[in-house]
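Just so it is clear, none of the values below were taken in a lab; they were calculated from the coordinates. These figures come from a predicted structure and were not determined experimentally. All Cβ positions, glycine included, derive from the backbone under ideal geometry; neighbour counts span all protein chains shown.
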Amino acid sequence: MTTKSNKHDTLSVAILGYGYWGPNLVRNLINVGANVKYVVDLDPKRLSIAQSLYPKINTTTNVDDVFNDHTVDAVVVALPVSLHYEMAKKALVSGKHVLVEKPMTDSVDTSAELIDLALKKQKVLMCDHTFIYTGAVKKIHQLVQDKHLGNLQYFDSVRINLGLFQSDINVIWDLAPHDISVLGHIYDAKPCGVSATGYSHTNNNIEDIAYLTLFYQSEFIAHISVSWISPVKVRRLLIGGEQKMVVYDDVEPTEKVKIYDSSYKIASYEEQNKLKIDYRTGDIFTPKLDTTEALHCVALDFINAIVNNTVPISTAELGYNVVKVLQASEQSIKQNGRFVSL
């Protein structure tokens, strides 16, 4: 992946939100050659930090300064989820390309509206699902595309830790988008339904632990576990194929992906409901991974989509599909795990 084209430095970008993720976005957009013209935040202290790091950037608490500036080509929305739709829509209406943090919006209807508006305005709309740009997920995607694992059978992920409790969204909307986006990226088929359970231990009706099961028309099944109340931090993904299996452990400092040359097959049916299974256990292989920062790849993908008219890896459609699963999962939780069709 090249770092920049000679057109990148003419592209003017504004960042809405300079909290947790905003500084990383500014740094990476500058690194790929974009001209970051504005940083917007309601907290003057945050703006002061941005100004001290990047004296040439305009800082403001008024978002309309960005929407009314016709020299701004693109807007990056790094704000609370409840503001994603409003700010992304205003940006598109004002004729600007949009990169919005995950999840794209807080409902299926508003996500669909943004996609339709982007098409009408002929602007790039992209959702920042950063994990699909990691070296680990790129390698897994390649393995799946090359049929190296055989037909996939299951996807099992665990994303748990102690905190950070959110006040506006539950643990599903906070953590599960990472795993749902990875699943949607590596597995082409879309789920036909979801069943989810969860619970709030803080008496505010915001679930802090949840379990999602996604069902498909095939024999493939996916399970996602998320929690803010675990004593340990776990970021582990298991993918099983008919020929090989993969473990992706994001907490592991070096060997994040391991390929297990292991499988099973039905040898015979000895009696009714009794199977004879043959197991094969082979070598464990640790592939070399691309170490480029994932957010650098996101920034470059967004800029290339605008400048070179390429299709980004994290498309608006992927963002919509993630929101669709999230919304259905929340509906299922409120109905004690009832299956919700997708």
For this session: Could you sort out which of Lys120/Lys324; Lys89/Lys123; Lys90/Lys121; Lys90/Lys190 sit more than 20 Å apart by Cα distance in this structure?
Result: Lys120/Lys324; Lys90/Lys190
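Neighbour counts of other C-beta atoms within 10 Å: give me Met104, Met126 arranged from fewest to most.
Details: Met104 34, Met126 26.
So the residues, fewest neighbours to most, are Met126, Met104.
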Problem set entry | Estimated dipole of the chain in Debye, rounded to 20 [Cβ of Lys and Arg +1, of Asp and Glu -1, Cα centre] | 440 debye
Problem set entry | Percent of beta bridges antiparallel (DSSP, region 8-128, rounded to nearest 5) | 0 percent
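Count the net charge of all other residues whose Cβ sits under 13 Å from the Cβ of Tyr248, scoring Lys and Arg as +1 and Asp and Glu as -1. Can you show the working numbers first?
On the way: positive: Lys138, Lys139, Arg159, Arg235, Arg236, Lys256, Lys258; negative: Asp156, Asp179, Asp249, Asp250, Glu252, Glu255.
Taking every Cβ under 13 Å from that of Tyr248, the sum is +1.
Please arrange Thr315, Thr197 by counting, for each residue, the other beta carbons lying within 10 Å of its beta carbon, fewest first.
Exposure proxy ranking, most exposed first: Thr197, Thr315.
From Cα pairs below 8 angstrom and at least 6 apart in sequence, can you work out the relative contact order of region 8-128, rounded to a whole percent? Intermediate results must be reported in sequence, preceding the final value.
Numbers: 221 pairs, mean separation 26.8, N = 121.
It rounds to 22 percent for region 8-128.
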For this session: Please work out how much length the chain gains when fully extended from Leu42 to His141, using 0.36 nm per residue of separation minus the C-alpha to C-alpha distance, in nm with one decimal.
Result: 31.7 nm
For this session: May I ask you to sort His84, His97, His296 by Cβ crowding, counting other Cβ atoms within 10 Å and putting the fewest first?
Result: His296, His97, His84
For this session: Pop out the ³J(HN,Hα) list for region 100-114 in order, Karplus 6.51 cos²θ - 1.76 cosθ + 1.60 with θ = phi - 60°, rounded to Hz; leave Gly and Pro as x.
Result: 10, 4, 7, x, 4, 9, 9, 7, 5, 4, 6, 5, 4, 5, 5
Problem set entry | Nearby aspartates and glutamates by direct alpha-carbon distance to Lys96 (threshold 20 angstrom, same-chain neighbours under 8 apart not counted) | Asp9, Asp41, Asp64, Asp65, Asp69, Asp73, Glu86, Glu113, Asp116, Asp128, Asp301, Glu317
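Given a Förster radius of 30 Å and the C-beta distance between Arg280 and Val232 as r, what FRET efficiency does 1/(1 + (r/R0)^6) yield to the nearest 0.05?
Details: r = 32 Å, r/R0 = 1.06.
Calculated value: 0.40.
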Problem set entry | Positive minus negative residues near Asn151 (Lys, Arg vs Asp, Glu; Cβ under 14 Å) | -1
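For a quick check of your reading of the filter: which GluC sites (Glu not before Pro) in region 199-288 sit in a DSSP loop and have no more than 15 other Cβ atoms within 10 Å?
Working: sites: Glu207, Glu219, Glu242, Glu255, Glu270, Glu271; in loops: Glu207, Glu219, Glu242, Glu255.
Those satisfying the criteria are Glu219, Glu242, Glu255.
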Problem set entry | Karplus-derived 3J(HN,Hα), 6.51/-1.76/1.60, for each residue of region 136-153, Hz, glycine and proline x | 5, 5, 4, 5, 4, 4, 5, 4, 5, 4, 7, 6, 5, 8, x, 4, 6, 10
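With 27 Å as the limit, write out which pairs from Lys138/Lys233; Lys274/Lys334; Lys102/Lys147; Lys258/Lys334 have Cα-Cα distances beyond it, or answer none.
Among Lys138/Lys233; Lys274/Lys334; Lys102/Lys147; Lys258/Lys334, the Cα-Cα distance tops 27 Å for Lys274/Lys334; Lys102/Lys147; Lys258/Lys334.
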Exercise. Build a GNM of the chain with springs between Cα atoms under 10 Å: which of Arg159, Arg236, Arg280 gets the top mean-square fluctuation?
Worked result: Arg280
Seminar exercise, completed: Summing -39500 (n - 2.57) over every DSSP H run of at least 4 residues in the chain and dividing by its residue count gives a helix-only mean residue ellipticity at 222 nm, to the nearest 500 deg cm²/dmol, of -10000 deg cm²/dmol
Problem set entry | Alpha-carbon centroids, region 151-195 and region 65-95: separation in whole Å | 27 Å
Exercise. Got a sec to turn the phi values of region 224-239 into Karplus ³J(HN,Hα) couplings, 6.51 cos²θ - 1.76 cosθ + 1.60 with θ = phi - 60°, whole Hz, x for Gly and Pro?
Worked result: 10, 10, 10, 7, 9, 10, 8, x, 10, 8, 10, 9, 10, 10, 10, 10
Exercise. From the residues Thr59, Val76, Pro23, which one has its Cα farthest along the dipole of region 12-91 in the positive direction, the dipole being from +1 and -1 charges on Cβ of Lys/Arg and Asp/Glu about the Cα centre?
Worked result: Pro23
